[in-house]
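Single-structure report; data block below.
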Amino acid sequence: MRQLRSASRATRPSRTALGACLLAVGLLAAAPAVHPAPAAAFPLRAQGCANGFDCDMSQRIAQANSYLSGRPGVTGYVVRDRKTGAVYSNGNANTPIWTASTIKLAIAEDLINRQRVRAIVITPQDRALLESMLATSNDNAADILWTKFAGPDHRAFNNAFRANGMTGLAPQPTPAGKVFPDWGFQKCTAADLDRLMSNVLDHMNPADRNYLVDRLRKVDTNQHWGVWGAGASMNPGLKNGWSQERSGWVVNSVGFAGPGERYTLAVMNDLGNKGGYDDGEQTTTQVAKILLGGRG
C-alpha cells in the first residue's frame, strides 16, 4: 500500500477486503459444503470424517471454523488437497473482497505466460520489477508493469485473470485521473484465489511454474504471515495483500504448503470497522497454522 505497511493500496476514494473423527453429526451437517474429487481419487475414510478428507483434516477444519467465529470481520477461505482432490470452502468463500496485493500473483502469472508464447518480451528490468512486486509487494513495480502490458484498452490483464481461474474477479471504479481497470481497484473471492493458485501449480509451463513457486517461497519478511503460518517444515510459498479501505482493513493471503505443494490455501479477511491490520494478520496466520501446521 502507499502508506502504513507498504504492499497494497492506501486509503482511496470509495473502492471501499471443521475425537479423531467428527463426533457430532450436527456439526458436520451445519458446516459449509466440502467438494470432493471423484470417489476413486481418494482412499476410504472412517465414517464421520469430512468427505474427501481424513479425520485429522476434518478436525482441523472444524477448529478453524470455531476460531473464526470469534474473530473480527468477514473471513472467507478455501483449503485444497492437491493429492486427493478434496476441497473445503467455508461459508464466506464466495464473498467479494478487495484483492489488495494478492492480485500481483495473477499479474506475474499472466506476464510469464505471455512471454512463454512470445506475445511479449520481458526485459531484465521488467523481470526485476516482477520479482520486487512479489517479494516485497512493491506497488510502484505493479504500476509500471500494468501500464506497460495492460494493452491499448487496459483490459489485457483482466481478460487473462478470468481465463486463469478468477471468474468472479470484478474491476471496480477508479478515481479521477486513473485508467480503468487498474490492478489496485479490484474485488474477488477466496474461491477465485484458490482457482488462481491451482492454475499456477497445475497449468503453467513446468519451468515457469517452478520459477514462480521459488519466488513465492522467497518473499520478504514483510509477508511472513498468512499461509506462512503453516510453518517452516511445510515449506510454504505465498502472496499476501493488505489494504486500508474507506470501509476498513482487508488482509488476505494465498499460497501453498507441504511436500510437492500438496496443499493450497486462500484466506481473505474483510475487517470493516471491526479491527485493523494486526487483527487480520493474526487471523490469516492462525487459520493457516490450524489447517496446515505440521500436516505433512
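Among the residues of region 161-208, count how many are among the charged types (D, E, K, R) and under 18 Å from LEU265 (Cβ atoms). Step through it out loud before you land on a result.
Let us first name the residues in region 161-208 that are among the charged types (D, E, K, R), namely 162, 178, 182, 187, 192, 194-195, 202, 208.
Keeping just the survivors that are under 18 Å from LEU265 (Cβ atoms) gives 192, 194-195, 202.
Going through region 161-208 one residue at a time, the tally reaches 4.
So which residues in region 64-93 are among the aliphatic types (A, V, I, L, M) and over 21 Å from ARG262 (Cα atoms)?
Result: LEU68, VAL74.
Scan region 190-212 and give yes if some residue there is modelled with pLDDT of 95 or more, part of a strand (DSSP E or B) and either surrounded by fewer than 24 Cβ atoms within 10 Å (Cβ to Cβ) or not charged (D, E, K, R) (or both), otherwise no.
For region 190-212, residues modelled with pLDDT of 95 or more, part of a strand (DSSP E or B) and either surrounded by fewer than 24 Cβ atoms within 10 Å (Cβ to Cβ) or not charged (D, E, K, R) (or both): absent.
Report the residue count in region 108-139 for those that are of a type in the set (D, E, K, R) and within 21 Å of the chain's Cα centre (by Cα).
4
I'm trying to understand the selection: among the residues of region 46-96, which are in a strand (DSSP E or B) and either at pLDDT below 95 or among the acidic types (Asp, Glu) (or both)?
Once the filter is applied, which keeps residues that are in a strand (DSSP E or B) and either at pLDDT below 95 or among the acidic types (Asp, Glu) (or both), region 46-96 yields only ASP81.
Quick check on this structure: which one of TRP242, TRP228, TRP249 is modelled with pLDDT of 95 or more, aromatic (Phe, Trp, Tyr) and part of a helix (DSSP H, G or I)? Walk me through how you get there before you give the answer.
On the way: TRP242 fails: part of a helix (DSSP H, G or I); TRP249 fails: part of a helix (DSSP H, G or I).
None of the other options fit; the residue is TRP228.
I'd like the residue in region 232-272 that is among the hydrophobic types (A, V, I, L, M, F, W, C) and touching a Pro at 6+ places or on another chain (Cβ under 7 Å) and, out of all such residues, is nearest to LYS187 (Cα to Cα). Please lay out each step first, then the result.
Let us first name the residues in region 232-272 that are among the hydrophobic types (A, V, I, L, M, F, W, C), namely 232, 234, 238, 242, 249-251, 254, 256-257, 265-268, 271.
Still in the running and touching a Pro at 6+ places or on another chain (Cβ under 7 Å): 256-257, 271.
Values: PHE256: 21, ALA257: 25, LEU271: 15 Å.
Across region 232-272, the extreme among qualifying residues is LEU271.
So which residues in region 216-273 are among the β-branched types (Val, Ile, Thr) and buried (at least 24 other Cβ atoms within 10 Å of the Cβ)?
Taking region 216-273 first, the residues among the β-branched types (Val, Ile, Thr) are 219, 221, 227, 250-251, 254, 264, 267.
Those that are among the β-branched types (Val, Ile, Thr) and buried (at least 24 other Cβ atoms within 10 Å of the Cβ): VAL227, VAL250, VAL251, VAL254, THR264, VAL267.
Considering ASP182, ASP208, ASP220, ASP153, which residue is within 16 Å of GLU109 (Cβ to Cβ) and charged (D, E, K, R)?
When all the criteria are applied, what remains is ASP208.
Report yes if some residue within region 172-186 is among the basic types (Lys, Arg) and either at pLDDT 95 or above or buried (at least 20 other Cβ atoms within 10 Å of the Cβ) (or both); otherwise report no. Spell out how you get there, then give the answer.
First, pick out the residues of region 172-186 that are among the basic types (Lys, Arg): 178.
Subset that is either at pLDDT 95 or above or buried (at least 20 other Cβ atoms within 10 Å of the Cβ) (or both): none.
Checking region 172-186: not a single residue is among the basic types (Lys, Arg) and either at pLDDT 95 or above or buried (at least 20 other Cβ atoms within 10 Å of the Cβ) (or both).
The values are calculated or read from the model by the stated rules, or taken from the named source; none is laboratory data. The structure presented is a predicted model; accordingly, all values stated were derived computationally and were not measured. Glycine gets a Cβ as well: all are built from the backbone with ideal geometry, and neighbour counts include every protein chain shown.
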